[in-house]
Amino acid sequence: MKLLFYRYGSICEPDIIEAFKALNITVFEEDTEIRQKSIAPDVRIQLLAEQILTHQVPLVFSINYFPYISEVCQRLNVIYACLSVDCPVLELFSASIRNSCNRIFLFDYHQYLQFKDENPSCIFYLPLGTNVDRWDACLDAAPASEWLYDVSFIGSLYSEKSPYQRLSLSDFDRGFGDGLMEAQLKLPGLGLIEETLTPELIHALKASAEFHTLPDAFADTDAYVAANYFLGMQASALERMRTLNALAESFQVDLFTRSDVSGIKGVHCHGGVSTHQEMPQIFYRSKINLNITIRSIQTGLSQRVWDVLGCRGFLLSNYQEEIPEYMQIGTHLDCYENIAELKEKIAFYLAHEDIRMEIATQGYQVVKEKHTCLRRVVGMLNLIFFDP
């Protein structure tokens with residue numbers, strides 16, 4: 001079998017390509033966008049069509065969904081499969097998701113329920129996974145060392161991705177928006193923002209900022225954009241900064257990020273790290289790794305969850321509804337629901353290394369046995385070709 005892998009530079013691409021090749025699938029790559037980010041739409045379409053016709057592939061694959069790829073595949077009668085690794089994803093509102101060529105895999109079950117009825121036989125739920133073999137090779141090649149960090153977090157603070165603070169809003173609209181975010185942070189298990197937004201606040205946000213839109217959206221996306229790209233992004237930024245600052249009052253906390261850290265106090269701030277070399281070492285050498293899920297992921301498990309466990313790290317995560325579907329809390333990882341509980345658990349696990357190490361070992365084993373990228377790719381191929 002052969003396929004065409006459309007690449008744009010996602011950090012998830014190498015692991016999925018490796019999994020395809022492990023199954024003896026010939027992978028051709030269309031990677032022009034990695035080198036040229038400003039390709040004209042007509043050129044992109046031409047390059048993709050040429051690759052499909054030249055290699056005569058029955059399947060095109062990408063990380064995340066691209067409407068134009070779906071349209072090209074629909075016309076050429078080729079299957080288009082994609083694995084969504086992000087949330088929110090505005091492109092999923094494109095009418096093209098109704099194309100019969102699609103095989104769209106979504107990792108957040110809430111997101112899956114939101115879109116599945118638009119194309120019931122072509123949209124699937126599939127959790128993310130991790131490349132344990134890659135992490136094993138990286139960690140086994142590095143010299144052994146002592147713990148480097150007590151509590152660490154790798155990831156964006158979303159301060160640079162949230163336009164909310166820079167908007168020119170009236171005092172009323174600002175106050176109402178701030179109130180929605182504070183309510184959401186106090187009730188993380190509920191998706192409050194999008195359901196509670198008023199037309200007036202949406203209009204104010206649209207009037208103050210460049211609003212993302214789709215020319216072929218099958219539904220009004222204004223509330224989705226306002227909730228996820230504006231208020232939800234800002235709520236996530238506040239949650240991460242407040243959590244890290246609160247922990248730094250009692251513990252040694254190390255942050256690895258490319259975000260602006262001017263709002264971070266008492267935390268040891270480092271720059272960004274390489275995904276395939278530095279990141280696994282930090283996960284492995286940290287006594288406690290934090291996961292603070294972006295609010296737009298309502299039920300699912302982010303890539304960080306799988307990668308920390310795959311790197312043999314101990315994980316302390318905010319509670320997500322889907323965690324018990326795949327792991328046992330207290331056996332494979334642990335969870336918290338508020339900062340007070342998080343502080344208590346950090347103190348406990350720093351004082352009980354034997355329990356912490358046993359949980360890390362069990363977490364690694366369950367991911368290695370059941371949740372690798374290879375298993376996910378096999379699951380996708382079975383749904384694409386054998387279980388319509």
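The values are calculated or read from the model by the stated rules, or taken from the named source; none is laboratory data. What you are looking at is a predicted structure, and each value in this text was computed from that prediction instead of being measured. Neighbour counts are summed over all protein chains in view; Cβ atoms, including those assigned to glycine, are modelled from backbone coordinates with ideal geometry. What goes into the accessible areas is simple: the full protein's heavy atoms, side chains included, and nothing from ligands, DNA or RNA. Shrake-Rupley method; radii C 1.70, N 1.55, O 1.52, S 1.80 Å.
Counted by Cβ distance under 15 Å from C138, the other residues give a net charge of -3, where Lys and Arg count +1 and Asp and Glu count -1. Look at where the Cα atoms of the stretch 321-365 and of the stretch 41-96 average out, and the two centres are 39 Å apart.
Here the peptides 233-239, 322-328 are ranked by packing, the mean other Cβ count within 10 Å, and the order with the highest first is 233-239, 322-328. The figure for D254 is an accessible area of roughly 10 square angstrom, using a 1.4 Å probe on the protein chains alone.
Grab the other residues whose beta carbon is less than 14 angstrom from that of V225, score K and R as +1, D and E as -1, and report the net. For residues surrounding V225, the net value is -3. Here is the result for the stretch 155-202: no trypsin sites (Lys or Arg not before Pro) lie in DSSP coil with at most 12 other C-beta atoms within 10 angstrom of their C-beta. Packing around the peptides 144-154, 360-370, taken as the average count of other Cβ atoms within 10 Å per residue, puts them in this order, highest first: 360-370, 144-154.
For F124, the residues whose amide H sits under 5 Å from its own are I104, F105, L106, ignoring neighbours fewer than 5 places away on the same chain, with H placed 1.01 Å from N.
Under a 1.4 Å probe, what is the accessible area of the chain per residue, stated in Å²?
44 Å²
Calculated [222 nm] ellipticity per residue, helices only, for the chain: -12500 deg cm²/dmol; basis is -39500 (n - 2.57) per DSSP H run with n ≥ 4, divided by all residues, nearest 500. Taking amide H as placed 1.01 Å from N in the peptide plane, E30 has its amide H under 5 Å from the amide H of F5, Y6, R7, each at least 5 places away in sequence or on another chain. Across the stretch 54-62, computed HN-Hα scalar couplings (Karplus, 6.51 cos²θ - 1.76 cosθ + 1.60, θ = phi - 60°) run 5, 8, 6, 8, x, 8, 10, 10, 8 Hz from first to last residue, x flagging Gly and Pro. By accessible area, using a 1.4 Å probe on protein heavy atoms only, the stretch 1-109 has 51% of its surface on carbon and sulfur. Measuring spread by the Cα atoms of the stretch 326-388 yields a radius of gyration and Dmax of 16.7, 51 Å.
Per-residue 3J(HN,Hα) values for the stretch 236-247, derived from phi via the Karplus relation 6.51 cos²θ - 1.76 cosθ + 1.60 with θ = phi - 60°, read 5, 4, 4, 4, 5, 5, 5, 5, 5, 5, 5, 5 Hz in sequence order (x marks Gly and Pro). For the residue pairs K206/K265; K186/K345; K37/K368; K21/K370; K21/K368, alpha carbon separations beyond 27 Å are given by K206/K265; K37/K368.
Just checking the listed ones, N228, N24, N245: in the Gaussian network model of the chain with Cα springs under 10 Å, the one fluctuating most is N24. Scoring 280-293, 115-128 by mean Cβ neighbours within 10 Å over their residues and listing the highest first yields 280-293, 115-128. By accessible area, using a 1.4 Å probe on protein heavy atoms only, the stretch 213-308 has 47% of its surface on carbon and sulfur. Simple rule: put +1 on each Lys or Arg Cβ and -1 on each Asp or Glu Cβ in the stretch 255-388, find the dipole, and look at V273, L374, P324; the Cα lying farthest toward the positive end is V273.
Counting every pair of alpha carbons in the chain, the share spaced more than 33 Å apart comes to 34 percent.
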